[in-house]
Every structure is written in C-alpha cells, then in structure tokens.
2 protein chains.
Amino acid sequence: MTKDWITQLQNTLKADQCSTSASELYRHSHDESDHAPVEPEIVCFPESTEDVKAIMHIAREASVAITPFGVGSGLEGQVIPLNAGISINFERMNRIVKFSPEDLLVTVQPGITRLQLNHIINRHGLQFPIDPGADASIGGMAATNASGTTAVRYGVMRDQIVDLEVVLADGTLLHTGTKAKKSSSGYHLTGLFTGSEGTLGVITEITLKLHGIPEHTIAASCTFETPHQCAEAAHTILLSGIPVQRMEFVDAYSIAKVNVYGNYGLPEKHSLFFEFAGMKGAAEEEAAMAKELLTDLDCENWRVAADSEERALIWKARHEMAYAYRHQAGMTITGGDVCVPISKLPELIDYARELIAESGLEGGVLGHIGDGNFHTSIAYDAKDPSQQLAAEEINEQLAYRAIELEGTCTGEHGVGLGKMKYQNAEHGAAVAVMKNMKRMLDPNNLLNPGKIFP
Amino acid sequence: MTKDWITQLQNTLKADQCSTSASELYRHSHDESDHAPVEPEIVCFPESTEDVKAIMHIAREASVAITPFGVGSGLEGQVIPLNAGISINFERMNRIVKFSPEDLLVTVQPGITRLQLNHIINRHGLQFPIDPGADASIGGMAATNASGTTAVRYGVMRDQIVDLEVVLADGTLLHTGTKAKKSSSGYHLTGLFTGSEGTLGVITEITLKLHGIPEHTIAASCTFETPHQCAEAAHTILLSGIPVQRMEFVDAYSIAKVNVYGNYGLPEKHSLFFEFAGMKGAAEEEAAMAKELLTDLDCENWRVAADSEERALIWKARHEMAYAYRHQAGMTITGGDVCVPISKLPELIDYARELIAESGLEGGVLGHIGDGNFHTSIAYDAKDPSQQLAAEEINEQLAYRAIELEGTCTGEHGVGLGKMKYQNAEHGAAVAVMKNMKRMLDPNNLLNPGKIFP
C-alpha cells in the first residue's frame with residue numbers, strides 16, 4: 001500500500017513531478033563516489049520555490065527525510081538518501097532568475113549547471129569561473145562549497161555568493177544576503193548555508209558574482225623529477241605574486257594513465273600545468289616571469305600551448321585524470337581531498353606517494369597545488385575487501401596527517417559520508433556548536449540526515 | 001562599596017590589568033561616532049586567552065555584560081558598553097602569535113593594529129592589504145567585517161580570515177577553521193563570528209591570509225562634471241576587467257573641504273582616485289587602458305602621480321576627508337555607509353546629494369565606488385536638535401533606499417547601534433534565525449548586549 005505522504009506528494013505536485021520508477025530511484029541512490037547506494041522512496045522534481053515549500057511541508061508533517069540532488073557528480077555521498085524518504089531533484093529548476101550584467105551578478109535556480117550558465121553569460125563577456133571539473137549544478141556546488149582549478153585566482157564557491165534563497169525545515173523562506181557586493185549587516189548566513197550540504201535548509205536560489213572573461217589566456221606546462229620539486233615550484237610561483245589563473249599538479253603515474261586513456265602524448269613525468277590570464281601584455285609578462293622562476297628551479301619540458309585548441313586539450317587531459325583511473329574494467333576508485341598550508345604540501349605529497357607505494361595499489365596524486373589542496377585517486381578491486389581496506393587506509397592516514405599539519409580533511413569535496421569521522425579531530429570544540437545549529441534549524445533531523453555528523 | 005565581581009576581577013588579574021579610573025572609563029565609553037557614550041564599570045586589559053576566559057567566567061557567574069574594545073575607531077558604537085559591566089581592552093594582546101611567510105599566513109592577537117602588523121611583515125615582501133582608513137585593531141576589523149579602499153581588489157575582512165580562536169559565553173574555547181587556505185569541512189563558523197561584533201563570542205586570535213606587495217604601483221586621479229558621471233565611469237572600469245587596486249569617489253564638496261584642511265590644491269570637482277598595482281608592465285598597461293576608457297567618457301584633469309611621495313599625498317588627502325568635516329569647531333559628524341549593486345550607484349549618489357541639498361546642511365559623499373559602497377559625511381551643530389534630526393534623516397532615507405535597491409544599510413561599518421533599526425527591512429525572515437543563534441550562543445545576553453538586535 002502506498003504511504004499517505006507519497007500519495008500526498010503525488011496529489012500536490014503534477015503527475016510527472018513525482019517518480020517511483022526503479023530507474024529513477026536507482027539514479028538518486030548514489031553519486032560518483034564508491035559510497036554504498038541507498039534508494040529514496042520517491043523522487044520529486046520541483047519546478048518552483050513554491051513546490052519545494054510544498055514538499056517540505058508534507059515531509060515535515062510526515063517526518064520524512066529530504067535529500068537534495070543536483071546532477072549526482074558529488075564525491076562524498078551527499079546526495080545519498082540514507083534514511084530513504086524524498087530525493088528532491090532540481091533539474092527542472094534550472095532557470096536564470098535574473099541576469100544583471102551591469103552589476104556583474106546573476107541569480108539562478110539550483111539546478112542550472114555551470115556550463116549551462118556560462119553558455120548564456122559568456123556572450124556578454126562575463127564568466128562564472130569556478131570549475132570543479134564535472135559539469136555540476138550550481139546548487140550542488142553551493143551546498144558543498146565546491147572550488148577546483150580556478151580557486152587559486154577567484155576563490156571558492158562561498159566567495160562567489162552574495163545571496164541565497166533558502167527554505168527552512170519549518171517552512172520559512174528566507175534570503176541570507178542582499179545583492180550588494182559586500183555587507184557588514186547581520187550574521188553571515190550566506191556563508192553558513194553555503195557548504196552545509198542540505199543539512200540546514202534547502203537552497204532554492206543562488207545569486208553569484210560574475211567575472212569578466214580575460215582578454216588573453218596562456219596555457220603552459222612543465223615537468224620536474226620529483227613531486228617534492230613540483231610543490232616547491234608552485235610555492236615559489238605563489239610567493240612571487242604572479243596571479244596565476246590555474247596551477248595544477250599531476251604526478252607521473254597519472255600522466256601515464258591519461259596518456260593511455262586519451263592518447264595525449266604528454267611527457268610522463270611529474271608535471272605542473274599553468275594558466276595565465278588577463279590583458280595580453282600582463283599575461284605574457286606573467287608567463288615569462290614564471291618560466292624564469294621555474295627554469296631556476298630546474299624544470300624541464302616547459303611548453304606553452306601554441307593555440308586555443310592545444311590549450312583546451314591540456315585542460316581536457318587534466319580533467320580526465322580521474323576518469324582515466326576509473327575506466328579500468330572491474331576497478332573502483334576512491335579519492336582523498338586533503339588541503340594544508342602551502343609549505344606543508346611537499347611533505348604531504350611525499351607521504352601520499354609512500355602510502356600508495358606501500359599499499360601495492362595503483363594510484364595517482366593530483367590537484368590544486370596553488371591552494372595546498374590535492375587528491376589521491378586509488379584504484380581497487382571492489383570484490384577484494386583487503387584492497388578496499390588498503391585504499392581506505394591510505395586516505396584515512398592522509399586525512400589525519402593533513403589535520404596534524406593544521407589543514408583539513410576536505411578542501412572541496414565536502415564532508416558527506418566519507419569525512420564525518422574526521423570532524424572531531426579537525427574541529428574539536430566547534431563540533432558541538434555546529435551540532436547545536438543543526439538542532440536549532442532542523443530539530444527533527446529531516447534535512448539530509450546522517451551527513452556531516454553521524 | 002565595590003561590587004563582588006569587580007573585586008573578583010581585581011583579585012584574579014594583576015593589579016595593573018584592571019582600571020576603574022575616570023579617564024579609562026571615559027575612554028571606553030565611546031568610539032569615533034556620535035552615538036551617546038556609556039561608561040563601563042571596569043576596564044580589563046587581558047594579556048592572554050586565559051585572561052579572557054577568566055574574565056568571561058567571572059562575568060558569567062555574576063551576569064555582567066562584556067564588551068570588547070580594540071582602539072575605538074569604530075563608527076557605529078559597537079564598543080559602547082550599553083549595559084555598563086566590563087569593557088575588555090585588547091591593547092596588551094597585540095602580539096604576532098605565528099608568522100608563516102612560507103604559507104602567506106599570520107596568526108595575531110586581536111589588539112594588534114593593521115599598521116603594526118604591516119610594519120612587521122612588509123620587510124618580508126608581504127602585506128595585509130585591508131585598509132579601512134583608521135589604524136584599527138585587527139580584532140575590531142574582524143568583529144565588524146571591515147573593508148575599505150582595497151576591497152575592490154582583495155575583498156573584505158571576512159575573505160582574509162581562515163581561522164578564529166573564540167571564547168564563548170559558556171567558557172568554551174574553540175577554533176572556527178584551520179590553517180588551510182580553503183576547506184569544505186563543517187559549517188562555516190569563521191564567517192559567522194566575523195562581523196558578529198562581539199555578540200556571539202570574544203575573538204582571541206585571528207589567522208589572516210597575506211598578500212605579496214605588488215612590484216609596482218601607479219596612482220592616478222581624474223575629475224568629472226557630475227557624481228553621476230563618476231559612478232558611470234567607475235562602472236565602466238569594473239566591466240573592463242581592469243583589476244584596480246583602489247578606486248575611490250570623492251565629490252567636489254569634500255575636495256573643497258580637504259583642500260582647506262590640508263592645503264592639497266586638488267581640482268575642486270567630483271573626482272575619482274585610482275591605484276593600479278602589479279608587475280610593472282601590467283600596472284602600466286592597466287593605467288593606460290583606464291585613461292583611454294575614462295577619456296572616452298569625458299574625464300578631465302587626468303593626472304598620474306609623479307612619484308611615491310605624490311602618491312602617498314593623494315591617499316593621505318582621501319583618508320583625511322572625514323576629518324576635514326569633523327575638524328570644524330562646534331560641528332559633529334554623522335555618516336552613512338550604504339552599499340548597492342554597482343548599476344544602482346549613480347541613482348543613489350544623486351539621491352544623496354539631493355537629500356543633503358534639501359537639508360540645508362553641509363555634507364559630502366565619498367566612498368568605495370568599485371564595491372558600490374559610499375559614505376555621507378554630514379556636519380551638524382549638536383546643540384541644535386533640528387540639525388541633528390535633519391542629519392539623521394538623510395542617512396535614514398539613504399539606508400531605506402539602499403535596501404529598496406537590493407543593497408545593504410551598511411557596507412563596512414557594521415550594525416552596532418546605528419543600523420539596528422534597518423535589520424528587519426533588510427533581512428526579513430532571516431532576522432529570526434540570527435536572533436536564535438544569538439540566544440543559542442549567549443542565552444543570558446551578556447556579550448555586547450544591545451548591538452545588532454535591540
């Protein structure tokens with residue numbers, strides 16, 4: 001017999017806005033991580049903030065869990081509806097609510113993806129530069145405080161948001177900010193809801209700062225003998241004050257993988273990838289200065305992309321690194337996401353390589369070296385529990401070491417399911433305050449239950 | 001008879017760490033605003049986080065209010081101890097706890113001022129660029145989410161902070177973040193405590209991001225016939241993507257004032273002041289491009305400072321604008337601090353000039369035009385209640401109009417006493433959430449009571 005609250009949802013929304021089909025329940029049971037899937041009981045497709053409020057009302061009355069879903073490209077299981085209940089899929093709430101090029105602002109619904117958004121705004125000379133790799137939804141990126149390759153220049157998702165519209169568990173609809181670029185008024189709820197992974201409220205609108213598209217962009221790459229040298233080189237570039245637009249590290253193991261995957265013919269050494277952008281003269285001056293500094297540090301294979309096609313190819317290769325590991329028959333991938341003060345990077349990258357070597361598993365180290373943030377990609381045979389354990393052990397050791405080095409267990413993927421166990425080690429006494437906030441805003445624990453805190 | 005809790009403070013701290021002298025009570029009764037002074041019953045000078053915890057313990061047991069005090073350069077009365085009690089002066093907690101040039105980070109105690117900090121770190125090629133004008137304490141700047149002339153390039157105070165050490169009302173000592181440059185772990189308490197004006201906890205350490213000192217800096221200025229033209233010109237510069245380091249508007253009335261005050265000989269027209277900074281070639285390219293754009297918009301008196309002395313003089317003049325109004329015998333100053341989406345600036349600046357003209361008072365409009373943030377400086381005779389009312393009326397009308405234009409009543413000064421009445425209009429349903437947070441963290445309303453919320 002269909003549960004009352006499911007019938008209520010079906011009666012309240014339009015027929016095609018609810019699905020209990022096996023394929024939809026499966027699609028909303030997992031993300032791109034290796035966390036165990038859990039299916040929701042129903043998937044709802046709201047088309048407006050009013051729909052979200054209606055869903056929230058029914059969920060609250062029936063004490064049923066609500067878990068928001070963007071495109072499912074997350075890496076820590078945030079969209080997995082642990083307590084079943086309702087998965088809210090935002091793909092129909094993908095409109096631009098208000099585009100204000102004259103204010104360098106855009107207000108969007110959570111379901112629009114970053115490429116959909118850029119497709120519309122790029123023609124106005126504007127960009128939304130945050131690039132986590134996947135074509136994630138803006139709502140998902142806000143909920144996890146995503147960042148990626150351009151954070152070294154533009155900051156993280158939280159830095160881009162001036163206002164959120166949020167539906168609270170009690171049905172309240174509120175705005176966390178205004179459309180002003182800065183404000184010292186009231187408590188900073190925008191920052192609080194950003195990165196809260198759907199546990200404090202459901203985001204229904206996001207107002208983002210936009211940036212001009214730089215006049216000129218130069219991509220370059222070089223290699224070093226050791227990951228340690230790469231980290232030191234990145235550190236030198238940062239201290240020099242050159243405002244790199246991207247600065248990425250990929251170790252030799254991952255380069256070899258992606259060469260096989262995409263036939264890129266990249267030199268199979270520990271590599272740094274750069275992007276310099278701005279007015280033409282400035283970008284060229286910066287690239288020249290970077291080359292000089294890197295040459296002093298004994299870099300090899302310095303190469304500037306000859307044209308925009310070669311530039312696109314380099315970044316395509318960089319983004320396919322994770323897939324290169326993933327697309328091996330029978331293998332599953334687990335990934336770390338540590339972030340530490342810049343000077344601690346060489347040590348932590350060396351440690352990561354040691355752990356991978358000791359484990360006997362195949363894995364790479366790559367990441368956003370200018371932010372002190374890197375990922376591991378460890379391939380294991382999911383049918384072999386000892387391999388899975390060994391893979392998890394690598395990331396666990398890395399996370400604890402990162403915290404010891406005054407860093408964080410997650411630079412950009414979020415806590416979700418995978419990083420819950422590190423919250424006490426990382427945040428200490430602050431965890432109690434966070435839990436109190438959760439209790440205050442969601443006393444019945446209906447909003448994405450089981451995430452961030454056990 | 002001395003109150004028990006005062007005796008307790010005197011017995012717990014060293015003799016010279018407590019003062020009830022008339023001069024100290026007066027010094028801690030006011031800031032630089034025209035809000036009515038209220039004296040504390042005692043001023044404490046903690047020398048360590050342990051001292052702050054001890055003070056908090058005694059205050060909690062005796063239900064006495066605590067109000068933190070930096071240097072008293074605030075403009076909204078945040079340091080005024082409305083309910084008397086204890087003023088905590090941080091001038092002895094002014095050490096650098098840890099300077100990590102290799103991580104572009106510094107951890108400081110709240111009492112250090114921004115010039116003291118820069119004096120120490122500048123020799124390492126690093127700077128802390130946030131510049132609200134006054135030589136404010138870093139603790140005060142964090143508590144109010146200060147910004148100033150360089151926010152257009154570097155962002156606001158909240159953007160610079162990766163970690164705060166905070167003593168809560170219940171005595172808990174916590175860290176809100178880590179030393180990593182970015183993180184997606186846990187709720188963003190750093191952003192929440194930043195700008196909370198001492199109402200949620202007492203900040204005892206702040207870890208700040210540092211920035212390289214640009215190789216080359218160019219200062220320039222130009223004039224326009226109308227404030228409206230200035231706002232449009234600023235808008236054009238922003239859209240061009242030129243990464244100005246500063247872009248300030250000063251209206252002709254204020255230029256005339258500061259010429260009298262400091263004999264600067266500036267052209268007495270509505271003016272824009274610029275700073276371009278970076279590598280030499282880049283800064284020169286940017287200045288040249290700006291000149292071209294501004295010339296197309298009919299700017300006059302384009303002038304590039306010939307040397308660093310002239311550059312320093314220009315910014316000294318800009319910073320003295322407020323003092324130029326203030327230093328008129330018998331006159332008091334009240335100032336607005338509105339911030340709106342950039343495209344709304346021309347309209348709001350025109351409105352400000354109209355209101356000032358109608359009032360018959362003397363006043364100027366000036367501010368951080370690149371952020372959409374500007375201030376009024378209205379001079380009135382404090383002995384004439386009708387003048388005071390007229391001055392307040394100007395700022396009130398401006399604040400409400402800014403909110404109507406989807407902006408904020410305070411871009412950088414904070415709420416304190418002066419902007420409390422606008423909180424409902426600006427934040428709507430979010431005010432209830434903010435008040436619940438205040439209740440959760442400070443159930444007995446001992447932390448800077450009467451600020452932000454009545």
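Any read-out appearing in this document is the output of simple, stated calculations on the displayed coordinates, not a laboratory observation. All figures in this text were calculated on a predicted structure; none of them were measured in a lab. Reconstructed Cβ throughout: ideal geometry from the backbone, glycine too, with neighbour counts over all protein chains shown.
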For this session: Distance between Cα centroids, segment A:371-391 to segment A:74-138: provide it in whole Å.
Result: 29 Å
Seminar exercise, completed: Any lysines whose Cα falls less than 24 Å from that of A:Lys3, other than same-chain ones fewer than 8 residues away, would be A:Lys14, A:Lys53
Exercise. Points 7 angstrom from Cα along the Cβ direction at A:Lys316 and B:His216: gap in nanometres?
Worked result: 3.8 nm
Problem set entry | segment A:4-89 - percent relative contact order, Cα under 8 Å, separation 6 or more | 36 percent
Problem set entry | Charge tally in the Cβ shell below 10 Å around B:Ala305, where Lys, Arg are +1 and Asp, Glu are -1, B:Ala305 excluded | -2
Exercise. Looking at this model, which pairs from A:Lys98/A:Lys291; A:Lys421/B:Lys98; A:Lys280/B:Lys257; A:Lys344/B:Lys451; A:Lys98/A:Lys344 are more than 32 angstrom apart at the alpha-carbon?
Worked result: A:Lys98/A:Lys291; A:Lys280/B:Lys257; A:Lys344/B:Lys451; A:Lys98/A:Lys344
Exercise. Ratio of segment A:41-118's C-alpha Rg to 2.2 N^0.38 Å, to two decimals?
Worked result: 1.24
Problem set entry | Span per principal axis, largest first, for the Cα atoms of segment A:4-89 (Å) | 35, 23, 23
Exercise. Seen from all sides and averaged, what is the projected area of the convex hull of the Cα atoms in segment B:96-212, in nm²?
Worked result: 6.9 nm²
For this session: Would you mind computing the Rg to Rh ratio of segment B:216-318 from its alpha-carbon coordinates, Kirkwood style for Rh?
Result: 0.95
Exercise. Among the Cys residues of chain A, which have no other cysteine Cβ under 4.7 angstrom away?
Worked result: A:Cys18, A:Cys44, A:Cys230, A:Cys339, A:Cys409
Exercise. Which trypsin sites (Lys or Arg not before Pro) does segment A:378-449 hold that lie in a coil by DSSP with at most 13 other beta carbons within 10 Å?
Worked result: A:Lys383
Exercise. Could you work out the helix-only [θ] at 222 nm for chain A, with each DSSP H run of four or more residues adding -39,500 (n - 2.57) and the total divided by the number of residues, to the nearest 500 deg cm²/dmol?
Worked result: -11000 deg cm²/dmol
Seminar exercise, completed: tail above 46 Å in the computed P(r) of the protein assembly as shown, as % of all Cα-Cα pairs, reads 26 percent
Problem set entry | Inter-copy label distances at B:Thr226 (7 Å, Cα→Cβ; nm, one decimal) | 6.6
Exercise. For the pair A:Glu232 and B:Ser23, how long in nm is the line joining their label points, each one 7 Å along Cα→Cβ?
Worked result: 5.6 nm
Seminar exercise, completed: One finds, for B:Met1 and B:Arg60 with R0 = 30 angstrom and r their Cβ-Cβ distance, a FRET efficiency to the nearest 0.05 of 0.85
For this session: Sort B:Met279, B:Met1 so that the residue with the fewest other Cβ atoms within 10 Å of its own Cβ comes first and the one with the most comes last.
Result: B:Met1, B:Met279
Exercise. With a 10 Å Cβ neighbour count serving as the proxy for reagent exposure, in which order, fewest first, do B:Ser137, B:Ser73, B:Ser183 appear?
Worked result: B:Ser73, B:Ser183, B:Ser137
Exercise. If you place +1 on the Cβ of every Lys and Arg and -1 on the Cβ of every Asp and Glu, how big does the dipole about the Cα centre of chain A come out, in debye to the nearest 20?
Worked result: 1260 debye
For this session: Can you tell me the dipole magnitude for segment A:184-257 around its Cα centre, using point charges on the Cβ only (Lys, Arg +1; Asp, Glu -1), in Debye to the nearest 20?
Result: 120 debye
Exercise. Can you give the mean number of other chain Cβ atoms that lie within 10 Å of the Cβ atoms in peptide A:409-419?
Worked result: 3
For this session: Starting at the first residue of segment A:146-163, write each ³J(HN,Hα) from the Karplus equation 6.51 cos²θ - 1.76 cosθ + 1.60 with θ = phi - 60°, in whole Hz, x for Gly and Pro.
Result: 5, 8, x, 5, 9, 4, 4, 9, 9, x, 9, 3, 4, 6, 8, 9, 9, 7
For this session: Go ahead and run the numbers for FRET between B:Asp384 and B:Ala84, Cβ-Cβ distance against an R0 of 25 Å, rounding to 0.05.
Result: 0.25
Exercise. In percent, how large is the relative contact order of chain A, given Cα pairs closer than 8 Å and 6 or more residues apart?
Worked result: 16 percent
Problem set entry | Fully extended contour minus Cα-Cα distance, from A:Glu347 to A:Asp170, at 0.36 nm per residue | 59.0 nm
Exercise. If you rank B:Cys230, B:Cys339, B:Cys299 by fewest surrounding Cβ atoms within 10 Å, what's the result?
Worked result: B:Cys299, B:Cys230, B:Cys339
Exercise. With +1 on each Lys and Arg Cβ and -1 on each Asp and Glu Cβ, how big is the dipole of segment A:304-454 about its Cα centre, in debye rounded to the nearest 20?
Worked result: 680 debye
